[in-house]
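> One structure is given below, represented as structure tokens, and several questions about it will come after.
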Amino acid sequence: MKRVIPVRAAMTEKVLTAGPRTTVAKAAKLMSERGVGSIIITQGKKPVGILTERDLLMKVVSVDLRPSKVLVSKVMSSPVLTVGPETEVAEAARVMIRNRIRRLPVVDRGRLVGIVTASDITAISPELIEVLPERPELPPREEIDESVCEVCGEVTASLHEVNGMWVCENCRDFLGG
């Protein structure tokens, strides 16, 4: 019998949030203090965007913008994909893989109630590797030095080639590489 696990069982309820008029510098400081890779941008209790480490790197640092002068609303990823708390973790994993993201805000009746990450899902249900389609045997993977993971956008010292993408160790494990 297949075990059904709702996102509610894997999600983190304490979500770091900020309003759209928060500066990128303030958002980055909050992320750093909490040790997280993203901040959900909310209007009231409704998520309207997400600012990730990748957004900071690609939309602020790489184009030499001043974080203290840029509002998160100008560089956040929006619209933000969400799932409900009763969504099966397998479906959440499929959404992440299909959209090449690692974080999904969890929304109940339009209100942010949590966040689920690829790491949360693999921690609670490592057998979810079954959500991936079958693939032929691949040649040995090549490794490169520090760069940006193509799935989660995190900067890392070690990337691995999986299915034609350069991914960090967490994403490699999540993708079954």
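Read the figures in this text as sums done on the coordinates, not as results from a lab. Here the structure is a predicted model, which means the values were calculated and not measured. All Cβ positions, glycine included, derive from the backbone under ideal geometry; neighbour counts span all protein chains shown.
> Mind giving me the FRET efficiency for residue 65 and residue 4? R0 is 35 Å, r the Cβ-Cβ distance, nearest 0.05 is fine.
Working: r = 44 Å, r/R0 = 1.27.
Here the calculated transfer efficiency is 0.20.
> List, in the order given, every pair from 14/74; 46/69; 26/59; 29/74 whose Cα-Cα distance in the structure shown is over 21 Å.
Numbers: 14/74 25 Å; 46/69 25 Å; 26/59 16 Å; 29/74 17 Å.
Over 21 Å Cα-Cα: 14/74; 46/69.
> Check which residues have an amide H placed less than 5 Å from residue 114's amide H, if you skip close sequence neighbours.
It is 106, by chain and number.
> Continuing with the same structure: How large is log10 of I(q)/I(0) for segment 7-129 at q = 0.14, 0.15 Å⁻¹ when the intensity is taken from the Debye formula with one equal scatterer per alpha-carbon?
So the normalised log intensities are -0.57, -0.65.
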